[in-house]
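Notes to accompany the following structure.
The values are calculated or read from the model by the stated rules, or taken from the named source; none is laboratory data. As the structure is a prediction and not an experimental result, all values here were calculated from the model. All Cβ positions, glycine included, derive from the backbone under ideal geometry; neighbour counts span all protein chains shown. What goes into the accessible areas is simple: the full protein's heavy atoms, side chains included, and nothing from ligands, DNA or RNA. Shrake-Rupley method; radii C 1.70, N 1.55, O 1.52, S 1.80 Å.
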Amino acid sequence: MTSPPDTDILPAAPAPESGLRQSSAREEGSPAANRPDLPHRLPVLPVRDVVIFNYTILPLFVGREASIQAVEAALNSSRYLLILTQKDEQVDRPGPEDLHKMGTVVMILRMLRLPDGRLKLLVQGVSRARALAILDEQPYLEAEILTPREQEEIPQDVELEAMMRAAREQSERILNLRGMASPDISNVLASIDHPGRLADLIASNLRLKLSEAQEILECLDPVERLKLVNDHLAKEAEVASMQAQIQETAREGMDKAQRDYYLREQLKAIRKELGETPGEDEDEDDELTKAQNAAKLPPEVRREADKQLRRLASMHAEASEAGVLRNYLEWLAELPWSKLSRDRLDIRKAKTILDEDHYGLDKIKDRILEFLSARKLNPRSKSPILCLVGPPGVGKTSLGRSIARSLGRRFQRMSLGGMRDEAEIRGHRRTYVGALPGRIIQALKQAGTRNPVVMLDEIDKIGSDFRGDPSSALLEVLDPEQNFSFSDHYLGVPFDLSRIMFICTANHLDTIPEPLLDRMEVLRLPGYTMQEKLGIARRYLVARQTRENGLKQRDVAFSDDVLTMLIENYTREAGVRSLEREIGAICRKLARRKAEGETPPFAVQAHNLHLLLGAPRFQEEDLDALPLPGMAVGLAWTPHGGEVLNVEVSSMPGKGKISLTGHLGEVMKESAQAALSYARSHAGELGIDPGFHADLDIHVHVPAGATPKDGPSAGVTIATALISALTRKAVRGRLCMTGESTLRGRVLPVGGIKEKILAAVAKGLTDVIIPRRNVKDLEDIPRDLLARINVHPVDTLGDVFTLAFSAPSPARRAKGAPGGGRKAVPAEAALVNKTPPARKKRPESPRPSLGGA
C-alpha cells in the first residue's frame, strides 16, 4: 500500500470570530462508551488536503499560528487532537462554518520543531468523532466531541465474506498493475477480519478526492463503508489497467522505432552494395549535405560540418543529441558565409537620402560620405565602428536606419540596454538545453548578408553580474584586428565580422569601459537649436502626425509662431520627441473635430494654443529683474541642452560664516570657497574692506533648490556675484558668463559652450563671457546665432569684472598655473558689488562673427 501524502498546513493568522454551532442530532453513544480515555473537549486542527482514518499513522506539517497553538495545547494535556478537514482548501483562516463536522481523533506520537517555525507531527488515528459544537476561542479552535460506537462483532455471512475478498483482490490487482505488489502487504490485508477496519485501511491508501474520502469517513456502518470502498476500488482498478495499457503501447512504440532504425541501416548497406542512390526525400542527411554545399562554407567550417554530419548519420533518428546536431548543421547552412550586398557607391545619391531622412547633422553625414568615398576607391577598406553619443530624442537610432538605406545595406538593430549575460553576445555552448548562437550571429542570419549595418543601441547601459560581462565580449566584436575570426560558443568555428558596419548609440560615455570606448569612433550629436527644431517640425513632424491621425495636409496649418511657442513653452528637451507628441496631441483634437462634422481646414493660432494643450508647462524667467547687487547670470549644461541660471549672494553682519544653499555639489561648494579666498586676497585691489570676512556673513544661493547642481563652470559666476555683493555694485544687464576660476584669478575652459550660448541666445541675452581657451568651440555654432550675441573671451577674473560692472573694474591680472576645463554645471548666478579702483582697461575680445579668432 502507498503511504498517504503529507499535508502542508500553511501559516495563517488566528481564526476569525465565530459563535457556538450545536449539532442537530446526536448518535447513540458517548465518549466513555467507546473510548473512556478520550476527553469530551479537544483542540481542533484544521487540515486542507487530507482525510485521516482510524489506525492510520501519518506525518503532518503544521505552520498556521492557530494550529501550532492547538498542537501545543494538546501536548500539554492528553496529546489528543481532533482533526477536521476544511470544506474549501483556499481558506487560510477557517472558522467553524468552514469545517466538516465529522473528523478523526488522533494521538500525537512525535513532534519535531523545524527551523522555519513549522511543526512536523507524527499522528495516529484513534477514533471517529463528531464535533457537537466548535468554539472559536482565541488563540485556537476547540470542539465538544461525540465518538460514535463502532460495532465490534459483525456476523460473518457469505455476502460480507465476498465483499471482503473482493476488496483484498482488487487491492492486490491495483498493486500488481503499478508494480508495487509485496507478500507483506497481502499478509496485512488477509489478517484484518473486521470490515470497517479493512475499509479504513484501503481508503487511506486510495487516491480519492477529498469529498469521496470525507463520505467514507462519515459512513458509520462498517458494511456500508466497505461497499463504498469496493466501488472506488473498481474505478481505481479500471484506471490502473488503462494506465498500464498506455505504458505498454509506448514501450512497443519505442521497440518499433529501434527495429525501424535497424532495418533502415540494413537498407542503406544493401543499396550501397547495389550502387544505388537513395531518393531526395528518403534521406534527411543528404538534404543537409546539399544545404552545406550551397552555403559555400569556408574550408575550416566545412571540415567541422562534415565531421558532425558523419556523427549524425551514425545516430538513431530519435536520439536527443541527433536533434541538437541537426539544429547546429542547419545554422551552419543558413548563415551568410559568402553573401555580400553591393554597396551603393553613388555619393550624390547617398547624400540625397541622408538629407531626406534627417535635418542638419552635417558632421555625421560627412563621415558617412567619406566612408563611401574610401570604399569606392578601395573596395577592401575596413568598415568603421561609429559611436553616436547624444541626449535622448536627437535621432541616433533613426540615423542608423538612414545610413543603411544610403549604403544600400540591410539593417539590424540590437538593444543592449539591461543586458547582463555574456552568452547574449557569444552564444551558449551546445551542451545546454535550448542553446542558440549569440545575437550577433542571429542578426546576420536575419539579414541574410555578411555586411549589414548592425546598430548596437544603448551600449552605455550594459550591465554585468555572475553570468559575465557583455561589454568584455564586445571587445572582440568591435575590434577590426580581431573580429575577422569571431568565435561564437554555439558555432565553435570562426566567422568574419569585419565587413559589418557597427553603429553604437549612447547617451553618456562615462559608463562605457575605456577599452571598449577606445575601439569606437565617437561622433557627438548635440541637442538641436531652436532653428533646427523649427525646421524638423516643418519638414517632418507636422506631416507625419497629420498623416498618422487621419488628416490631410490641407486640413491643418501650423504657423512658425505656433511651432516656436510649442518648442519654448511646452517642451524642454534636446531632441524632438516631446515636440512630436505635442504636435500629435493637437492633430488628435483636430481629427476629433473633423470626425464630429466640422469642415477643415483648421488653423492653429498662437493665441489659442492653450485651448488645445492647456497652460504652458515652462515659463521663461524675467531676466530684466536680475541685474541687482549680489546677482549674476550663469550658463549651465544639462543632458537636455543649455540652461540660463542665476546665482545670488547676500552679505550681512556676522562673524565670517559662509552658507551655501540650493542643492549644491562638492565641486560647486569648493568654487564658492575659492571665490571667497580670492576676494580676501585681492580685497585692496577690488575696493573691499580687508577685514570684511570677520564682520560679515556670506550666503550663496542657487535657485531651483530641488535640482542637484555640481561642477566647476559656475566659479566665474559665483566670484562675480560675491564681488558684486561686497562692493554693492550691480552687474550690467543682459550679461551671462561661464568658466572655472582659480585662487590666482585665472579663468579655465569648460565644456558645453555650444549648448550654453544657444540657451543664452534663446533667452535674449546680448553678451556672454567665456574662457579664451573655449574660443575654438565657437566654430560649432551657426553663424546666424553668433551674430545675435557678443562673445567676450577672458583670461582672468579681472577681465570678467571689467566687463561685468557698469564702470571698468581695474584689477591686476593674476598669474597662475594652467588648468583643464571640465563639464559645466547647472547653476544660476546673482551678484552684488562696489566699483573697484580704476586700472587700464583690457581691449574687448572680437565679436563672435569672427569665429575662431
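For the stretch 322-342, indicate whether the set of residues that are open to solvent by 10 Å² or more (accessible area, probe 1.4 Å), aliphatic (A, V, I, L, M) and closer than 22 Å to Tyr490 by Cα is non-empty.
yes
If you check Leu377 against the conditions, is it touching a helix residue (DSSP H, G or I) at 6+ places or on another chain (Cβ under 6 Å) and modelled with pLDDT of 85 or more?
no
Which pairs do you get when a residue that is at negative phi and open to solvent by less than 40 Å² (accessible area, probe 1.4 Å), found in the stretch 159-172, comes within reach of a residue that is not in a helix (DSSP H, G or I) and not charged (D, E, K, R), reach meaning Cβ atoms under 8 angstrom, with the pair 6+ apart or on two chains?
Within 8 Å, the pairs are Leu160/Ile154; Ser171/Met1.
Provide a single number: the residues in the stretch 380-401 that are of a type in the set (Val, Ile, Thr) and over 20 Å from Ala574 (Cβ atoms).
Here the count works out to 1.
Among residues belonging to the stretch 45-72 that are of a type outside the set (S, T, N, Q) and over 48 Å from the mean Cα position of the chain (by Cα), point out the one that is modelled with the lowest pLDDT.
Filtering the stretch 45-72 for residues that are of a type outside the set (S, T, N, Q) and over 48 Å from the mean Cα position of the chain (by Cα), the one modelled with the lowest pLDDT comes out as Tyr55.
Looking at (1) buried (at least 18 other Cβ atoms within 10 Å of the Cβ); (2) not in a strand (DSSP E or B); (3) not aromatic (Phe, Trp, Tyr), which is the only condition Asp116 fails?
Of everything listed in (1) buried (at least 18 other Cβ atoms within 10 Å of the Cβ); (2) not in a strand (DSSP E or B); (3) not aromatic (Phe, Trp, Tyr), Asp116 misses just condition (1).
Among the listed residues Ala295, Ala374, Ala291, Ala319, which satisfies the condition of being buried (at least 19 other Cβ atoms within 10 Å of the Cβ) and out of contact with any Asp or Glu (no Cβ under 6 Å at 6 or more places or on another chain)?
Ala295
Could you figure out which of (1) within 27 Å of Ala305 (Cβ to Cβ); (2) touching a helix residue (DSSP H, G or I) at 6+ places or on another chain (Cβ under 9 Å) isn't true of Asn327?
(2)
If you go through the stretch 519-559 one residue at a time, how many are among the acidic types (Asp, Glu) and within 16 Å of Cys587 (Cα to Cα)?
Residues flagged as among the acidic types (Asp, Glu) and within 16 Å of Cys587 (Cα to Cα) within the stretch 519-559 amount to 2.
Find the helices (runs of 4 or more DSSP H) located wholly in the stretch 430-541 whose residues include 1 or more that are within 18 Å of Gly400 (Cβ to Cβ) and under 27 Å from the mean Cα position of the chain (by Cα), and list them.
Correct list: 439-447, 470-477.
Does Lys101 fit the bill of being open to solvent by 10 Å² or more (accessible area, probe 1.4 Å) and either among the β-branched types (Val, Ile, Thr) or under 47 Å from the mean Cα position of the chain (by Cα) (or both)?
So Lys101 does not fit the description; no.
Mind checking whether some residue in the stretch 367-382 is of a type in the set (Ser, Thr, Tyr), closer than 24 Å to Leu516 by Cβ and not in a helix (DSSP H, G or I)?
So far as the stretch 367-382 goes, yes, one or more of its residues are of a type in the set (Ser, Thr, Tyr), closer than 24 Å to Leu516 by Cβ and not in a helix (DSSP H, G or I).
Among the residues of the stretch 134-143, are any part of a loop (DSSP other than H, G, I, E, B), under 52 Å from the mean Cα position of the chain (by Cα) and over 23 Å from Glu218 (Cα atoms)?
yes
Give the residue that is most open to solvent (accessible area, probe 1.4 Å), with candidates limited to residues of the stretch 383-406 that are of a type in the set (D, E, K, R) and closer than 15 Å to Ile353 by Cα.
Residue satisfying both the conditions and the ranking: Arg401.
Return the total of residues in the stretch 51-93 being part of a helix (DSSP H, G or I) and open to solvent by 30 Å² or more (accessible area, probe 1.4 Å).
Total satisfying the criteria: 4.
Name the residue, out of Tyr528, Tyr490, that is modelled with pLDDT of 90 or more and buried (at least 17 other Cβ atoms within 10 Å of the Cβ).
Unique residue meeting the criteria: Tyr490.
Is at least one residue of the stretch 773-780 in contact (Cβ under 8 Å) with a residue 12 or more places away in the chain and part of a loop (DSSP other than H, G, I, E, B)?
The answer is no, given that none of the residues of the stretch 773-780 is in contact (Cβ under 8 Å) with a residue 12 or more places away in the chain and part of a loop (DSSP other than H, G, I, E, B).
Kindly state which helices (runs of 4 or more DSSP H) lie completely within the stretch 649-743 and contain at least 1 residues that are at pLDDT 90 or above, surrounded by 15 or more Cβ atoms within 10 Å (Cβ to Cβ) and more than 42 Å from the chain's Cα centre (by Cα).
Fully inside the stretch 649-743 and qualifying: 666-681, 715-727.
So, Arg409, is that one open to solvent by less than 40 Å² (accessible area, probe 1.4 Å), among the basic types (Lys, Arg) and either in a strand (DSSP E or B) or in contact with a strand residue (DSSP E or B) (Cβ under 6 Å, 6 or more places away or on another chain) (or both) or not?
When the stated conditions are applied, Arg409 passes them.
Kindly check whether there is at least one residue in the stretch 545-560 that is open to solvent by less than 30 Å² (accessible area, probe 1.4 Å), assigned to a helix (DSSP H, G or I) and under 24 Å from Ile403 (Cα atoms).
Yes, the conditions are met somewhere in the stretch 545-560.
Starting from the stretch 257-285, keep only residues that are modelled with pLDDT of 75 or more, then list their pairs with residues that are open to solvent by 90 Å² or more (accessible area, probe 1.4 Å) and assigned to a loop (DSSP other than H, G, I, E, B) whose Cβ atoms are within a distance under 9 Å, requiring at least 6 positions of separation or different chains.
Close Cβ pairs satisfying both conditions: Ile270/Glu276.
Can you name the residue in the stretch 68-102 that is in contact with a strand residue (DSSP E or B) (Cβ under 9 Å, 6 or more places away or on another chain) and of a type in the set (Lys, Arg) and, of all such residues, is nearest to Leu132 (Cα to Cα)?
Among those residues, the one meeting the criterion is Lys101.
Which numbered condition in (1) farther than 20 Å from Asn774 by Cα; (2) modelled with pLDDT under 90; (3) part of a helix (DSSP H, G or I) is the only one that Lys754 fails?
(1)
Can you tell me how many residues within the stretch 590-613 are surrounded by 15 or more Cβ atoms within 10 Å (Cβ to Cβ) and part of a helix (DSSP H, G or I)?
Matching residues across the stretch 590-613 total 7.
Would you mind finding the one in Leu765, Leu797, Leu778 that is more than 47 Å from the chain's Cα centre (by Cα) and more than 17 Å from Tyr528 (Cβ to Cβ)?
Leu797
Taking the condition basic (Lys, Arg) and without any contact (Cβ under 8 Å) to a residue 24 or more places away in the chain, does Arg380 pass?
So Arg380 fits the description; yes.
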